[in-house]
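The values are calculated or read from the model by the stated rules, or taken from the named source; none is laboratory data. Every value quoted in this text rests on a predicted model; they were computed, and no experiment measured them. Cβ placement follows ideal geometry from the backbone for every residue including glycine, while neighbour counts extend to all protein chains displayed. Heads up: the accessible areas ignore ligands, DNA and RNA and are worked out on the full protein's heavy atoms, side chains in. Shrake-Rupley method; radii C 1.70, N 1.55, O 1.52, S 1.80 Å.
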Amino acid sequence: MELGPFETDNAVNCRLTSQIPDVCQTEDCCLGIDEAGRGPVLGPMVYGICFCPISKKDKLKELKVADSKTLTETERENLFEKLDGAKSYIGWALQILSPNTISTSMLQRTKYNLNSLSHDTAIGLVQYALDRGVQLKEVFVDTVGPADRYEDKLSKLFPGIKVTVRPKADSLFPIVSAASICAKVARDCAVKGWNFAEDLGEVDTNYGSGYPNDPKTKAWLLKYLDPVFGYPQFVRFSWSTAQTLMDSKGVTVHW
Amino acid sequence: MSCNTSVIRVQASSVEQTQRVPVHLMPCEIEHNGTARVSQYLTATTKDCKHEKTVSFRGRGLRGQEISCPQGYTGLVLKEINKLGSDQEDRTVRVSSVFDKLTYWNLETPPNSDDTVVMAMDWPELAEAIHGPVED
């Protein structure tokens, strides 16, 4: 996957999009939303949407998309190529939230928490599809928070669209599985090819999954702690793992 | 009642030859006296926009700008030669580097003319206008 503008500036957010299939502007469509990389202390969080005409749901099933977590990295990449190749009826869009945006939002003086950031990003992507003329009638969303309130919020924002918010929606609805594959492939690609803006010379890229409990991630966080600056912008400073390490091994900073 | 009568002596003899360094005024207190990898972390990630610079430090968004020292003034970075035990004793500091401009940073707020450091740099000119000799 080509991450385009995010490769040149990974300190800010970035939106990547496919072309809008003509048929999506004339036929009633369904749209799935999922995210990748919510938990990790390293790298961006990626939100993905995927949409197609409701009449093409069976064709989507034939592509054998499944929850991205049950697939290997290669399987996900192959499936993304298939989805991206089905240009006549499948469209997608991604919003990459840079770790720097996540840190500065969550540590802002007027706190902007991860849930609000997630909701706003998802809403922004649905609005993008609507603005581009996609005839949305059904939206399916995967969630980690309370589903009912989120469903109400989205239904009110997008009257005329049937919104379904479910935990584990990525394993229930193929269009959400498709969105989760797009998001996960982009997240993996961004992490693997991370271009450090800091002048750190050759950086050890053996950072593991990025999850705080991964021993490789832990070792990397210990190795790359700078007593004054803390971490490169690749790290989410708002994660307690990073804060605990800075508190114990770095110098104290008072704001 | 006691009064602190200690004197601080500045060894300023070699200011002309002293190296010029970039100086950053941070909107936080960093409990650290010593070297820091400023160019590798801060300078390398600073973005120059139209009216301001942006960067992040410890996950906080900073916005700042470069300002010059008032005309005729030179900024000095001073280092204490001997750490003394008592604040009653005289102190001697040497000039470790000099600067004629600095970058100051606000936490999240865009730099503006009300910022204390900007007003401070205006003070010498203002003081001259108030206290200088009046011409007829």
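Sort out which residues of region B:34-62 are charged (D, E, K, R) and within 11 Å of another protein chain (Cβ to nearest Cβ), and write them in order of number. Outline the logic, then answer.
So the first thing to find is which residues in region B:34-62 are charged (D, E, K, R), and the list is B:37, B:47-48, B:50, B:52-53, B:58, B:60.
Within region B:34-62, B:R37, B:K47, B:R58, B:R60 qualify.
If the Cβ limit is 8 Å and pairs must be 6+ apart or interchain, which residue in region A:145-173 that is charged (D, E, K, R) pairs with which residue that is surrounded by fewer than 17 Cβ atoms within 10 Å (Cβ to Cβ)?
A:K162/A:K137; A:R166/A:A147; A:R166/A:L172; A:D170/A:K69
Pull up region A:74-106, narrow it to residues that are in contact (Cβ under 8 Å) with a residue 60 or more places away in the chain and open to solvent by 70 Å² or more (accessible area, probe 1.4 Å), then point me to the one that is nearest to A:I181 (Cα to Cα).
A:E77
Anything in region A:144-185 that is buried (at least 23 other Cβ atoms within 10 Å of the Cβ) and touching a Lys or Arg at 6+ places or on another chain (Cβ under 7 Å)? List them, or say none.
A:P174, A:I181, A:K184, A:V185
Filtering region B:41-82 down to residues that are of a type in the set (S, T, N, Q) and assigned to a loop (DSSP other than H, G, I, E, B), which residue is most open to solvent (accessible area, probe 1.4 Å)?
Let us first name the residues in region B:41-82 that are of a type in the set (S, T, N, Q), namely B:43, B:45-46, B:54, B:56, B:65, B:68, B:71, B:74, B:82.
Still in the list and also assigned to a loop (DSSP other than H, G, I, E, B): B:46, B:71, B:74, B:82.
Details: B:T46: 38, B:Q71: 182, B:T74: 74, B:N82: 94 Å².
Among them, the one singled out is B:Q71.
Looking only at helices (runs of 4 or more DSSP H) that lie completely in region A:144-255, which have at least 3 residues being within 30 Å of B:H32 (Cβ to Cβ), more than 14 Å from chain B (Cβ to nearest Cβ) and not hydrophobic (A, V, I, L, M, F, W, C)? Lay out the reasoning, then the answer.
On the way: elements: A:147-157, A:169-172, A:174-192, A:215-223, A:240-249.
Output list reads A:215-223.
Would you point out which residue out of A:V12, A:V46 is within 30 Å of B:A44 (Cβ to Cβ) and part of a strand (DSSP E or B)? Break it down into steps so the answer makes sense when it comes.
Values: A:V12 fails: part of a strand (DSSP E or B).
Answer to the check: A:V46.
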